[in-house]
């Protein structure tokens with residue numbers, strides 16, 4: 001199974017952060033990504049600068065007919081289409097789509113590292129995965145999301161909010 005995480009902490013062109021994420025998922029569907037499950041929205045402070053707008057994130061479980069580099073290239077096209085501009089690392093952004101796990105493959109290329117190198121320490125990745133795939137196992141550490149969440153600091157475990165709002169997608 002493939003896990004993606006989609007985040008936004010900037011509104012854009014009459015679209016809210018919620019709309020940015022929903023539109024990104026619809027564009028993934030148009031790119032022949034088969035959506036299996038979508039988490040609720042989760043909100044967290046921006047990192048490392050908490051003065052920036054809060055982030056919204058969702059986790060999605062998908063199937064994809066090709067390899068991880070083709071998916072990566074599709075994701076970059078979608079980010080560009082939605083108005084993502086590469087700026088300074090961790091600056092606010094309209095959309096951010098990360099491949100967290102691609103069928104448990106372990107890869108390190110100049111474009112992408114799999115699994116995502118920081119997924120095991122990010123609350124906004126782990127909580128959505130726990131919601132939609134509690135039996136997922138980190139490909140390197142062989143630990144489930146609840147175990148990894150329990151290893152997070154108390155601060156990281158309490159500064160995340162699961163919202164009752166869901167993604168709007170066209171199926």
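FYI, it's all coordinate maths here, none of it is from the lab. Keep in mind that this is a model prediction, so the values were computed, not measured. Please note: Cβ atoms are built from the backbone with ideal geometry, for glycine as well, and neighbour counts cover all protein chains shown.
For this structure, a couple of remarks:
- Modelled spin-label separation between residue 76 and residue 137, with each label point placed 7 Å from Cα along the Cα-to-Cβ direction: 3.3 nm.
- Global geometry of segment 114-169, whether rounded, prolate or oblate, following the gyration tensor of its Cα atoms and the 1.5 cut on a/c: oblate
- Principal axis analysis of the Cα atoms in the chain yields extents of 40, 38, 32 Å, listed in decreasing size.
- As a proxy for reagent exposure, ranking 65, 138 by other Cβ atoms within 10 Å from fewest up yields 65, 138.
- Only helices enter the 222 nm calculation for the chain: every DSSP H run of n ≥ 4 contributes -39,500 (n - 2.57), and dividing by all residues gives -8500 deg cm²/dmol, rounded to 500.
- Paramagnetic reach from residue 37 in segment 137-168 [backbone N under 14 Å; point 7 Å along Cα→Cβ]: 137-138, 144-146
- Percent of C-alpha pairs per 5 Å bin, segment 40-108, short to long: 3, 13, 20, 23, 19, 15, 5, 1, 0
- Under a Gaussian network description of the chain, with springs only between Cα atoms under 10 Å, the residue in 12, 39, 153 that fluctuates furthest is 153.
- With distances taken between every two different alpha-carbon atoms, segment 73-141 has a Kirkwood hydrodynamic radius of 13.6 Å.
- Comparing 126, 27, 152 in a Gaussian network model of the chain where C-alpha atoms under 10 Å apart are linked, the largest mean-square fluctuation is found at 152.
- Alpha-carbon centroids, segment 126-140 and segment 50-112: separation in whole Å: 17 Å
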